[in-house]
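Here is the structure we will look at, set down as structure tokens.
The values are calculated or read from the model by the stated rules, or taken from the named source; none is laboratory data. Just so it is clear, the model here is predicted, and its values are computed rather than measured. Reconstructed Cβ throughout: ideal geometry from the backbone, glycine too, with neighbour counts over all protein chains shown. Areas reflect the complete protein model, heavy atoms only, side chains present, ligands, DNA and RNA absent. Shrake-Rupley method; radii C 1.70, N 1.55, O 1.52, S 1.80 Å.
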Amino acid sequence: MELLALLLVLSSGLTHALWNLFTKRSIHKSVFLWCIHSVTLIILMPYFLIEMSQLTLSPKVYGFILLSMTIQGGYILLLSKAYTHGDMSQVYPFMRGLGAMLTSLCSLVLFHEQISTAGVIGLSVIIISLFALSGIRADSRRNVNVKALGYACLVGLCISGYTLTDKAILDAGVSPVLLIQLSNISYFVALIIPVLRSGQLQREWSVNWRTMLLGSVLAPGSYLLFLFAMRLTPLAHIAPIREISTVFGTIFGILVLREQQGSRRIVTSALITLGIITIAVWG
């Protein structure tokens, strides 16, 4: 794997965990998410209009763009629900694990990518560790919020859906920055009704404006880094590596959110890292 692609994906994982931490700590999740993406929407709009006026795309690509925007609109709504009902240390690894697994497997079929035996082993270690990290078990003695788990599953499906669709859009010649702006538009439209109904916009901004401004850089920046990496190396290789974000998320859960952790979470985080190294070196 190219060193640049690896560094881009690792940086993407760290920034992704950070803005998810900010979201979890916010007062009203939908309002916070709407604000951070609205700031970026305004900044990127001139570039977006210029590039769109210069592009000549086929109806098929426009169909992919519409599909991606629809999926991402659903993703942002479901993400706010997942963090409203569940702990970050449980919900975050589960939805990222499901998304990484589906993205990697589907990319092998849809884009005819290849992965070595060592890569398969590394991917398997990451996926199994991600689900173990979430702490979700079948027995009822565990304090599992079924509603949060359901939202996390849907978020994982959305992650896989828009990532695969965006890969096809990138291959058609659309720039990563334009894709980010399409995401911002989707988030703005999808969340505007919940935001207006909440009546919490002024309060959220007054309390969390600093993290909102920082999140407006980290949230789109995280996926932008991943999109650039996607242009350099096969998606099946980098999708699981991005799940280093769950290791950072676990650390943030322990140190910042004070969520209950155990030695099992430390061990599974180490296994995720080992799986990532395996894919990066031998995948």
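This table checks each residue for (1) within 16 Å of the chain's Cα centre (by Cα); (2) of a type outside the set (Phe, Trp, Tyr).
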residue	(1), (2)
ASN20	yes, yes
LYS24	yes, yes
GLU51	no, yes
PHE64	no, no
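Based on what the data block shows, is LEU77 over 17 Å from ALA17 (Cα atoms), at pLDDT below 85 and outside any loop (DSSP other than H, G, I, E, B)? For LEU77, the condition - over 17 Å from ALA17 (Cα atoms), at pLDDT below 85 and outside any loop (DSSP other than H, G, I, E, B) - is not met. The residue pairs whose first member lies in segment 53-64 and is in contact (Cβ under 8 Å) with a residue 12 or more places away in the chain, whose second member is in a loop (DSSP other than H, G, I, E, B), and whose beta carbons are closer than 6 Å, counting only pairs six or more residues apart or on different chains, are VAL61/ALA172.
Summed over segment 189-237, residues that are among the small types (Gly, Ala, Ser), within 21 Å of LEU7 (Cβ to Cβ) and loosely packed, with under 15 Cβ neighbours inside 10 Å total 0.
Of the residues VAL9, VAL31, the single one that is in a helix (DSSP H, G or I), touching a Leu at 6+ places or on another chain (Cβ under 9 Å) and farther than 22 Å from GLY275 by Cβ is VAL31. Among residues of segment 71-89 being open to solvent by less than 20 Å² (accessible area, probe 1.4 Å) and among the hydrophobic types (A, V, I, L, M, F, W, C), the one that is nearest to LEU149 (Cα to Cα) is ALA82. The set of residues in segment 90-122 that are open to solvent by 60 Å² or more (accessible area, probe 1.4 Å) and hydroxyl-bearing (Ser, Thr, Tyr) contains only THR117.
Residues checked against (1) touching a helix residue (DSSP H, G or I) at 6+ places or on another chain (Cβ under 6 Å); (2) in a helix (DSSP H, G or I):
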site: THR84; (1), (2): yes, yes
site: GLN90; (1), (2): no, yes
site: PHE94; (1), (2): yes, yes
site: LEU102; (1), (2): yes, yes
site: VAL109; (1), (2): no, yes
site: GLN114; (1), (2): no, no
site: LEU123; (1), (2): yes, yes
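Within segment 173-188, the set of residues being open to solvent by 10 Å² or more (accessible area, probe 1.4 Å) and in contact with a His (Cβ under 8 Å, 6 or more places away or on another chain) comprises TYR187, PHE188.
Looking at segment 39-53, is at least one residue outside any helix (DSSP H, G or I) and either touching a helix residue (DSSP H, G or I) at 6+ places or on another chain (Cβ under 8 Å) or open to solvent by 10 Å² or more (accessible area, probe 1.4 Å) (or both)? No; the residues of segment 39-53 include none that is outside any helix (DSSP H, G or I) and either touching a helix residue (DSSP H, G or I) at 6+ places or on another chain (Cβ under 8 Å) or open to solvent by 10 Å² or more (accessible area, probe 1.4 Å) (or both).
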